[in-house]
Every structure is written in structure tokens, then in C-alpha cells.
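The values are calculated or read from the model by the stated rules, or taken from the named source; none is laboratory data. Computed from a predicted structure; not experimentally measured. Using ideal geometry, Cβ is built from the backbone for each residue, glycine included, and neighbour counts are taken over all protein chains shown. With ligands, DNA and RNA removed, areas are computed over all heavy atoms of the protein, side chains included. Shrake-Rupley method; radii C 1.70, N 1.55, O 1.52, S 1.80 Å.
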Amino acid sequence: MRSRRSLLPAALPALCALAVVGCGSSSSSTSSSASSSSSAASSSASSSAASTSAATAAGANAAVVKLVPASIRSKGTLTVAADASYAPDEFIGPDGHTVIGMDADLSKALGAVMGLKVSMVNVTFDQIIPGLAAGKYDMGASSFTDTKAREKVVDFVDYANVGESFYTKANGGKTIGSIADICGLTVSVESTTTEQTDAAAQSKKCTAAGKPPVKVLVFPNQNLANLAVSDGRAQLGFADTPVAAYQVKKTNGLFKLTGAAYATAPYGLALPKKPGLAPAVEAALKVLIANGTYSKIFAKWGVQSIAIPASQVKINGATS
């Protein structure tokens, strides 16, 4: 349901404390993980061998390998794009460059079942789908909401079911009951996310009802959207429910969730229409669910609530 900035060195330490998920560097100038997310990140990075072990426990599955297009099978590596500022789904580890998180672990596990190595690439969110369409990446694993509009450009393999939530300052923040209560408020979102679309749509509903519009502040990455709430430019932040909950947990009382979760929809792994990798990814995902690897990965990152059974895994299952 859901995209990513350069900071001046002098301002970096102060901003790190507020950005919640980022501080470090990457080849695509995106934010890396902040100290607030260091406990999960540190345990992941310091146990990278364990993570790799979990990701490759299933091993290659001969039936799935046969479904991998020859062009990908021959190069032996799956290039996976992620916008690594969306903890705990995907973010930069303590080393300042490694993409870690639920989507990264799941991608490695899928690659193992397909008999492929996996190369995670940190890319701004709004560049992932164009990059897939251009053949630059083989898969996008970046908390994508599977939508009918996106399905016109890429294929999706649905792998989770996720809602959207608002968060605010714990002290003096704006409390709401639902998305209908955001008329006249300032809301920070990440660029090209479902939250941006939904906040803008709600603003139109507000004005149609004679209420003040929503002021939507759009940022290139989730770290900056978090910072806007921290420094008071925005009264509310709006992100996928597991991401919003992670911000609350890792800020040690700075943020709190407010209002009811909104608009549950499928997360999908994004894939180019050609050469047709979706059937292999779908089959590999079902293998991981069956052997327990999928549930272990989701449990590791505290996102068990968004897991789905194999019966809900499908290609292009957008609901809207």
C-alpha cells in the first residue's frame, strides 16, 4: 500500500532520531535504518547467517524450477527491487547498505525454492514498476498493494493481506475515529502509495460535504513522512498498518496509533508481464507456506497478522 532522499551530513544525526526508519546511505540515495529500529535490525544483521539459513531452508524445488523462464534460469540470479525505508517490511540494516526485513527474507526464500540467487536492490518506490516494465528488475518486493490499475502494467503474486492506519504524536497529537475524521487536517504520506491516493480521495469527500479539505503532504520516502509528524508539520501520518505499528513501537512513546484500520487489501510481489515469472513465484510461495518458512519469516518481523493461507495466494488478485 504503498516510495524514498538525501540528507546533509550536518543534519543527519538529529534527523536520524526522528526519522524512525532511516539513516545511512545506499546507492540510490535512500534513507537507511535509524537507531529507533536498531533492535530488530541489529538482531537481523548480526544473525545474517541465520536469516540466510531460514531463507534457503526449503532448497530448490524441481517442479518449481521448471516454471522459471529460461532467460532468468540461465542467469541464475533474481534481481529484486525494494524501497528500503518501510520497516519492518524492507529497510536498510545497521551496516548502512544491506536491505533487510520481511520482504527481503521472503525474496531470498522464494529464490532458493526457484533455484536462484537473489540480489536485493534499494530503489525509490516510484521507480520500481517502471524498472520492472523496462526489464531492469525481475521482481519488486516493496509492500505493493495489488491494484487493478497496477495490474495493467505488471503482474502480482499476492502474499499478504494488509490495511492502512493513522499515527500521531502520543503527546498532543490529533485523535480520530476513522478516515472520515481527517477533514481539515494535515496528513503526511509517502509518494505514490495507496495512502496518498486514499487521503486525496477522502479530501474530495470532505469538500463535497462542505467540510475543509485534507492537506496531504507528500514525501519521497516514509522516513521523511515520519519526520513531518515528529516535527509538527503534519498532524497525522498514514501508512500500512504493520508499518505504522512498527513506527509506534520503535519510537519509544513518541507516536501512537489513532483511529480504525482502513481498506484491507492484498500485498503483491510485482513482476514484469514478460518473461512470465509469476507462475513460478506463486508455486514457490505455496511451497514456503507448506513447509513453514513463510510463517517463520512473518513471525520474525512481527507481522503474523497479515499472513494468508495458501488458498489466498493468487496471481493478480486485486480487489479494487
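Name every residue in the range 273-295 that is under 20 Å from the mean Cα position of the chain (by Cα) and either assigned to a loop (DSSP other than H, G, I, E, B) or surrounded by fewer than 15 Cβ atoms within 10 Å (Cβ to Cβ) (or both), in order of residue number.
If the condition is that a residue be under 20 Å from the mean Cα position of the chain (by Cα) and either assigned to a loop (DSSP other than H, G, I, E, B) or surrounded by fewer than 15 Cβ atoms within 10 Å (Cβ to Cβ) (or both), then Ser295 is the only one that fits.
Residue-by-condition table, conditions (1) open to solvent by 10 Å² or more (accessible area, probe 1.4 Å); (2) modelled with pLDDT of 95 or more; (3) of a type in the set (A, V, I, L, M, F, W, C):
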site: Ala208; (1), (2), (3): yes, yes, yes
site: Lys211; (1), (2), (3): yes, yes, no
site: Val214; (1), (2), (3): yes, yes, yes
site: Gln222; (1), (2), (3): no, no, no
site: Val229; (1), (2), (3): no, yes, yes
site: Ala245; (1), (2), (3): yes, no, yes
site: Lys249; (1), (2), (3): yes, no, no
site: Lys256; (1), (2), (3): yes, yes, no
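Specify which of the listed residues (Gly115, Gly76, Gly111) is modelled with pLDDT of 50 or more, under 22 Å from Pro275 (Cα atoms) and under 22 Å from the mean Cα position of the chain (by Cα).
Gly111
Just wondering, is there one or more residues in the range 76-99 that are over 21 Å from Pro242 (Cα atoms), in a loop (DSSP other than H, G, I, E, B), in contact with a Leu (Cβ under 9 Å, 6 or more places away or on another chain) and open to solvent by less than 10 Å² (accessible area, probe 1.4 Å)?
No, the range 76-99 contains no residue that is over 21 Å from Pro242 (Cα atoms), in a loop (DSSP other than H, G, I, E, B), in contact with a Leu (Cβ under 9 Å, 6 or more places away or on another chain) and open to solvent by less than 10 Å² (accessible area, probe 1.4 Å).
Quick one: Ser51 ticks every box in (1) surrounded by 18 or more Cβ atoms within 10 Å (Cβ to Cβ); (2) modelled with pLDDT of 95 or more; (3) hydroxyl-bearing (Ser, Thr, Tyr) bar one, so which box is it?
Just one mismatch for Ser51, condition (2).
Which pairs do you get when a residue that is farther than 14 Å from Ala112 by Cβ, found in the range 60-71, comes within reach of a residue that is in a helix (DSSP H, G or I), reach meaning Cβ atoms under 8 angstrom, with the pair 6+ apart or on two chains?
Close Cβ pairs satisfying both conditions: Ala63/Ala283; Leu67/Pro279; Leu67/Ala280; Leu67/Ala283; Pro69/Ala280.
Give the residues of the range 118-164 that are farther than 11 Å from Leu269 by Cα, more than 12 Å from the chain's Cα centre (by Cα) and among the aromatic types (Phe, Trp, Tyr), sorted by residue number.
Of everything in the range 118-164, just one residue is farther than 11 Å from Leu269 by Cα, more than 12 Å from the chain's Cα centre (by Cα) and among the aromatic types (Phe, Trp, Tyr), namely Tyr137.
I want to confirm something. Restricting to the range 126-153 and keeping residues that are open to solvent by less than 10 Å² (accessible area, probe 1.4 Å) and assigned to a helix (DSSP H, G or I), which single residue is farthest from Arg73 (Cα to Cα)?
Ranking the qualifying residues of the range 126-153, first place goes to Ile128.
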